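Engineer: Sharing a structure with you now.
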Amino acid sequence: MTFFIDFEPNGRRVPGKDGDTILEAAQQAGIMLNVTCGGEGICGHCVVRVMAGAVSAPNVNEETELGAEQTREDWRLACQTHILGDVRVHIPPESLATAQRTQTEGREIPVDLHPAVRSVEVRLPEPTIKDQRSDATRLGETLGIPDLHIPLSVLRTLSNDLREHTFHACAFVRDSTLVGIRPPGTPALGFAVDLGTTKLAGYLVDLASGQTLASAGAMNPQIAYGEDVMARISHTMSKPEGGEQLRSTVVAALNSMAGELCVQVKRSMRDIADAVVVGNTAMHHLFLGLPVRQLGLAPYLPAESAALDLPADQIGLALAPAANVHLLPNIAGFVGADHVAMLLGSGMLEHGGIVLGMDIGTNTEISLIAHGKHYACSTASGPAFEGAHIRHGMRAAPGAIEKVVIHDGQVLLQTIDNQPAVGLCGSGILDVVAQLHRAGWLNERGGLDLSRGGGRIRQGERGAEFVVASAQENGGREITFSRSDVNEIQLAKGAMRTGANILLQKAGVSEQEIDAIFIAGAFGTYLDVQSGIDIGMFPCLPKERFQQVGNAAGSGARMALLSTEKRREVVAIARRVQYVELTTEKSFPSLFAKALMLE
């Protein structure tokens, strides 16, 4: 039976089937709710209020997360509440996956231009009664490519395109294949994409000059189906249409992004003759519609790890008729093409000496280059630094506390866009722990000292907590940070530090021998390196050895877009990398236990 669900305050109405959850109805309506746990009912972030209508009774998860008082007032978890009739639902702002700060900036590393597609201006002799050659034959001979391959998608419009431009046009050519025909004076464009678990970064590039014409960042809409990789893998396994939902959602987002970038520079999407997409192995597989079940089960093997060139229209990207999408190679099940791109775009491969690279995101991939060997691993770190599992955590959106300083007992805060404080994003979370520890209010085991802090440390419902912003200071909205929140950060930073330490063990070097540490990724861009050192997330080294390189994966994707030589180079790099599966390392438990300490 079909019912209608009305969402307030945006006024969306969508049909839903008997037994659908409110979350499923919201996804159908294109409303992106916070579902950190992937719809398991354990994060408490998709809170809505049922204003009218028939729904299922609160379950144990809801009563645990929301409490008896809130459930009596019809506050519910969207992922746990099933629709039994027409329903009217109110969505509070904090339950929406709001637009957040995205990171597109990275290093611009010069590269010799060898793009896969070139733009060739041609003037064809116009056909006459005495010249009976086909349009395809005459174009191939004019280009000097007698065996020119013209895919059917291009051939269908070739004659009309040539005549529209009176046989004077630009031919986009890849090797001996015609990619498209455009008006004269039209340079070929490229589209480079960093397909992150949480965020998308796209770049529109002139393939002839190498110039980045426009860039944009956006949230990955797949977060509506799960915050992290494992939640999305679970979604594909639990729903027959789950994989296609995730694939089509992100393809639509990339088409929209490419279109918006083209509008900015007054160009057409048909001018995009080539694309490079990088992402972790799971994002790579979900983008292509490859199976991901095996990525979620030991030994976590990818379906494909080689570099790929695939027709864009076969994937669903609306670019030039015969444009290709190039995907860099994956290294392992949890170290993907985005890490390969980071190695390329950070500059760490050219640095020399002993170099550690950390691409901090929803997962943190780590590389160590030492004495001619290259080791890599992946650690589960990002969810806490994205605000997941933190009571007042959030992504880096307006109003998020991004900087915290404790000075002479006073707590000083800085929020994104100087908006009233709403919660804590990753850099603010890191600062809170570091500042508490530095002030002596937090011990090395993560315990808050109730005798310190001038009343800002108190006993709360969930144990000891630090009042980051009181209701009086913050317009009635209180923001706290509890012992359990500290523990989440200990787990995240402990995993990262353990990964780095195991790679150092493998290479037989000490952390003091590290010549440089490259920190990449959106969170890595905004964090305070000293805060990371203070809590033991990073080795205790002079700050000048650290380099924050922004979205190096995006930079690497652009380099691969502009140079087929770089594409070949990274294939060789990926083959040399020795992947280390941390869970099989005997030293992991003891190193992890030590890395949990705040020191």
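The values are calculated or read from the model by the stated rules, or taken from the named source; none is laboratory data. This structure is a prediction, so every number in the text was calculated from the model and none was measured. Note: ideal-geometry Cβ built from the backbone for every residue, glycine included; neighbour counts use all protein chains shown.
Engineer: Test each condition in (1) in contact with a strand residue (DSSP E or B) (Cβ under 6 Å, 6 or more places away or on another chain); (2) closer than 26 Å to residue 342 by Cβ for residue 292 and report the one that comes out false.
Structural biologist: Checking residue 292 against (1) in contact with a strand residue (DSSP E or B) (Cβ under 6 Å, 6 or more places away or on another chain); (2) closer than 26 Å to residue 342 by Cβ, the one that fails is (1).
Engineer: Given the condition free of Cβ contacts under 8 Å to residues at least 12 places away in the same chain and either assigned to a strand (DSSP E or B) or within 30 Å of residue 41 (Cβ to Cβ) (or both), answer yes or no: does some residue in region 400-407 qualify?
Structural biologist: Filtering region 400-407 down to residues free of Cβ contacts under 8 Å to residues at least 12 places away in the same chain leaves 407.
Filter once more, so that each one left must be either assigned to a strand (DSSP E or B) or within 30 Å of residue 41 (Cβ to Cβ) (or both): 407.
Checked against the condition, which is being free of Cβ contacts under 8 Å to residues at least 12 places away in the same chain and either assigned to a strand (DSSP E or B) or within 30 Å of residue 41 (Cβ to Cβ) (or both), region 400-407 yields at least one hit.
Engineer: For region 472-577, which fully contained helices (runs of 4 or more DSSP H) count at least 2 residues that are at negative phi, out of contact with any Phe, Trp or Tyr (no Cβ under 7 Å at 6 or more places or on another chain) and surrounded by fewer than 24 Cβ atoms within 10 Å (Cβ to Cβ)?
Structural biologist: On the way: elements: 483-507, 522-526, 529-534, 552-562, 564-576.
Passing ranges, in order: 483-507, 522-526, 529-534, 564-576.
Engineer: Of the residues in region 293-320, how many are at pLDDT below 95, surrounded by 16 or more Cβ atoms within 10 Å (Cβ to Cβ) and either assigned by TED's automatic domain parsing to the domain that holds residue 583 or of a type in the set (A, V, I, L, M) (or both)?
Structural biologist: So the answer is 1.
Engineer: Could you check, for region 80-89, whether at least one of its residues is closer than 24 Å to residue 13 by Cα and among the acidic types (Asp, Glu)?
Structural biologist: Going residue by residue through region 80-89, those that are closer than 24 Å to residue 13 by Cα are 80-89.
Those still in the list that are among the acidic types (Asp, Glu) too: 86.
Yes, region 80-89 contains a residue that is closer than 24 Å to residue 13 by Cα and among the acidic types (Asp, Glu).
Engineer: Next up: Looking at (1) over 17 Å from residue 363 (Cα atoms); (2) among the β-branched types (Val, Ile, Thr); (3) touching a residue at least 24 places away in the same chain (Cβ under 8 Å), which is the one condition that is false for residue 489?
Structural biologist: Here residue 489 meets the rest and fails (1).
Engineer: Find all pairs meeting these conditions: Cβ atoms under 6 angstrom apart; at least six residues apart or on different chains; first residue within region 202-228 and in contact (Cβ under 8 Å) with a residue 24 or more places away in the chain and on the phi > 0 side of the Ramachandran plot; second residue of a type outside the set (Lys, Arg) and in a loop (DSSP other than H, G, I, E, B).
Structural biologist: 210/113; 226/38
Engineer: It is to be established whether one or more residues within region 451-470 are among the small types (Gly, Ala, Ser) and assigned to a helix (DSSP H, G or I).
Structural biologist: Step one: of region 451-470, the residues among the small types (Gly, Ala, Ser) are 451, 453-455, 460, 463-464, 469-470.
Next cut, assigned to a helix (DSSP H, G or I) only: none.
No: zero hits.
Engineer: Residue check: is residue 57 outside any strand (DSSP E or B) and buried (at least 21 other Cβ atoms within 10 Å of the Cβ)?
Structural biologist: On the way: outside any strand (DSSP E or B): yes; buried (at least 21 other Cβ atoms within 10 Å of the Cβ): no.
Spelling it out, it is not the case that residue 57 is outside any strand (DSSP E or B) and buried (at least 21 other Cβ atoms within 10 Å of the Cβ).
Engineer: Right, something else. Condition first: touching a residue at least 60 places away in the same chain (Cβ under 8 Å) and either outside any loop (DSSP other than H, G, I, E, B) or farther than 20 Å from residue 388 by Cα (or both). Now tell me which residues in region 413-441 satisfy that.
Structural biologist: 416, 423, 426, 427, 429, 430, 431, 433, 434, 435, 437, 438
Engineer: If residue 182 meets every condition in (1) among the basic types (Lys, Arg); (2) without any contact (Cβ under 8 Å) to a residue 60 or more places away in the chain; (3) crowded, with 20+ Cβ neighbours inside 10 Å apart from one, which number is that one?
Structural biologist: It fails just one condition, (2).
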